[in-house]
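Asks: After the structure tokens below, expect a handful of questions from me.
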Amino acid sequence: MGDIDVEELDFPSAAETDQRALFDLQVAWWSSAMPPRELPEFSGWVRRRLTLDAGWGLPRFAVARENGRIIGYADGYLPTTANTHLVTGTVVVDPRWQRQGIGTTLLRYALRLANRDTAEASWVPRGSEGERWATNRGFTVVTALTVQELVLTDSLPEVGEVPPGYRLAQWTGRAPEALLDAYVDALNATNDQPMGDSTIELVEYTREQVRQEEDDLSTAGVDVWVVLAMHGDEAAGVTVVYRTLSRPSVAHQRNTSVVPAHRGKGLGRLIKAQMLRQLTGIEIIETETNSTNEHMRRINHSLGYTDRLTTVSLSARVADLKL
Ligand SMILES: CC(C)(COP(=O)(O)OP(=O)(O)OC[C@H]1O[C@@H](n2cnc3c(N)ncnc32)[C@H](O)[C@@H]1OP(=O)(O)O)[C@@H](O)C(=O)NCCC(=O)NCCS
């Protein structure tokens with residue numbers, strides 16, 4: 001490879017041309033795997049990268065430059081509280097500069113900076129060049145996610161009857177204080193979702209963390225919608241949706257969970273159907289579900305979601321990688 005420099009890039013203080021180069025590389029890569037119905041918008045994309053992700057911090061970047069111009073990057077999150085054994089991220093190289101060792105150099109450099117025992121990558125389209133490249137370097141596929149999409153139309157799916165003994169609560173932004181404990185309990189019921197052989201440990205939420213996350217999202221201007229199913233004074237299930245900062249007409253489905261004692265009563269579908277009636281200014285919802293999670297995929301299909309893409313997550317002990 002010719003005159004290529006690899007260095008760390010401090011994203012928040014980076015020049016706009018550098019931020020834009022990262023945006024262009026990421027969008028070109030992702031669009032080739034899943035052509036978007038609405039192209040992401042640069043300033044929203046930047047704001048998302050400056051928004052803290054609870055427990056995961058802000059993304060770090062290493063970049064490869066040719067004559068100053070960014071032609072590839074490695075990005076990664078270094079979780080600070082739980083999951084301190086791992087770095088999770090991706091490597092992307094401009095197609096015109098692939099197969100010259102730049103991706104491998106970026107990976108080596110980024111992993112040295114990260115100084116963690118385990119590396120994971122997710123959102124890699126199954127069967128892609130990226131998956132082959134990572135497995136050739138010693139990564140193993142640990143799980144697969146199906147990306148599903150629902151185009152909202154005028155005829156939304158029926159919500160159906162709320163089963164006796166249950167009621168639905170809903171809000172945007174901050175949870176009402178009286179429902180906060182139930183909300184936290186419902187969020188924590190997501191932690192038995194299938195994760196394959198990923199080493200990512202799902203962390204229990206606390207009241208303080210939920211409030212902190214609400215504040216961070218509100219500061220960043222992310223709209224949040226929540227539907228919570230209650231049984232008496234107790235949480236039965238919850239579903240959470242965010243508006244995507246870089247594509248304001250697209251919503252992203254976050255946690256959906258039904259507390260184990262309340263499963264098998266159709267609550268999962270019910271709260272997701274109710275959610276569709278709450279959203280404003282949204283045309284498309286995207287969600288990703290573990291490909292082995294038949295229940296959730298079936299619920300989504302019954303609401304009209306279609307499968308768009310399967311992605312894999314890969315994992316490796318850094319010491320075992322061939323770099
Ligand atoms: C995955 C990706 C980052 C690899 O980038 P890259 O710069 O082409 O990576 P490298 O050049 O280091 O390696 C690619 C191949 O070229 C080979 N190669 C390296 N130097 C070479 C050279 N001078 N001449 C010919 N081939 C070369 C490598 O051996 C490797 O082949 P192998 O996997 O069969 O061993 C790139 O394909 C990409 O951006 N894909 C889209 C993003 C993505 O899917 N990322 C997921 C990974 S986390």
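Asks: Kindly provide the set of residues from the stretch 147-171 that are out of contact with any helix residue (DSSP H, G or I) (no Cβ under 6 Å at 6 or more places or on another chain) and closer than 22 Å to Ser32 by Cβ, ordered by number.
Replies: Val147, Glu149, Val151
Asks: Could you list all residues from the stretch 59-75 that are surrounded by 15 or more Cβ atoms within 10 Å (Cβ to Cβ) and either over 18 Å from Pro95 (Cα atoms) or without any contact (Cβ under 8 Å) to a residue 12 or more places away in the chain (or both)? Steps first, answer last, please.
Replies: Looking only at the stretch 59-75, we keep the residues that are surrounded by 15 or more Cβ atoms within 10 Å (Cβ to Cβ), and these are 59-66, 70-75.
The answer is Pro59, Arg60, Phe61.
Asks: When the residues of the stretch 245-270 are filtered to those that are among the polar types (S, T, N, Q) and surrounded by 17 or more Cβ atoms within 10 Å (Cβ to Cβ), which remaining residue is nearest to Asp154 (Cα to Cα)?
Replies: First, pick out the residues of the stretch 245-270 that are among the polar types (S, T, N, Q): 246, 249, 253, 255-257.
Subset that is surrounded by 17 or more Cβ atoms within 10 Å (Cβ to Cβ): 246, 253, 255-257.
Working: Ser246: 24, Gln253: 20, Asn255: 25, Thr256: 24, Ser257: 26 Å.
Looking at residues that are among the polar types (S, T, N, Q) and surrounded by 17 or more Cβ atoms within 10 Å (Cβ to Cβ), I get Gln253.
Asks: Suppose we filter Thr289, Thr310, Thr256 for residues that are modelled with pLDDT of 95 or more, within 17 Å of the chain's Cα centre (by Cα) and either more than 16 Å from the ligand (Cβ to nearest atom) or of a type in the set (S, T, N, Q) (or both); which single one remains?
Replies: Numbers: Thr289 fails: modelled with pLDDT of 95 or more; Thr256 fails: modelled with pLDDT of 95 or more.
Every option except Thr310 fails the conditions.
Asks: Tyr242 passes all but one of (1) under 19 Å from Thr172 (Cβ atoms); (2) in contact with a strand residue (DSSP E or B) (Cβ under 9 Å, 6 or more places away or on another chain); (3) surrounded by 19 or more Cβ atoms within 10 Å (Cβ to Cβ); which number fails?
Replies: Condition (3) is where Tyr242 drops out.
Asks: Sticking with this structure for a sec: Answer with yes or no whether Thr80 is more than 15 Å from the ligand (Cβ to nearest atom), under 18 Å from Arg317 (Cα atoms) and part of a loop (DSSP other than H, G, I, E, B).
Replies: Details: more than 15 Å from the ligand (Cβ to nearest atom): yes; under 18 Å from Arg317 (Cα atoms): no; part of a loop (DSSP other than H, G, I, E, B): yes.
It is false that Thr80 is more than 15 Å from the ligand (Cβ to nearest atom), under 18 Å from Arg317 (Cα atoms) and part of a loop (DSSP other than H, G, I, E, B).
Asks: Given the criteria surrounded by fewer than 19 Cβ atoms within 10 Å (Cβ to Cβ), at pLDDT 95 or above and small (Gly, Ala, Ser), does Ala273 qualify?
Replies: On the way: surrounded by fewer than 19 Cβ atoms within 10 Å (Cβ to Cβ): no; at pLDDT 95 or above: yes; small (Gly, Ala, Ser): yes.
When the stated conditions are applied, Ala273 does not pass them.
The values are calculated or read from the model by the stated rules, or taken from the named source; none is laboratory data. Keep in mind that this is a model prediction, so the values were computed, not measured. Cβ coordinates were reconstructed from backbone atoms using ideal geometry, including for glycine residues, and neighbour counts include every protein chain displayed.
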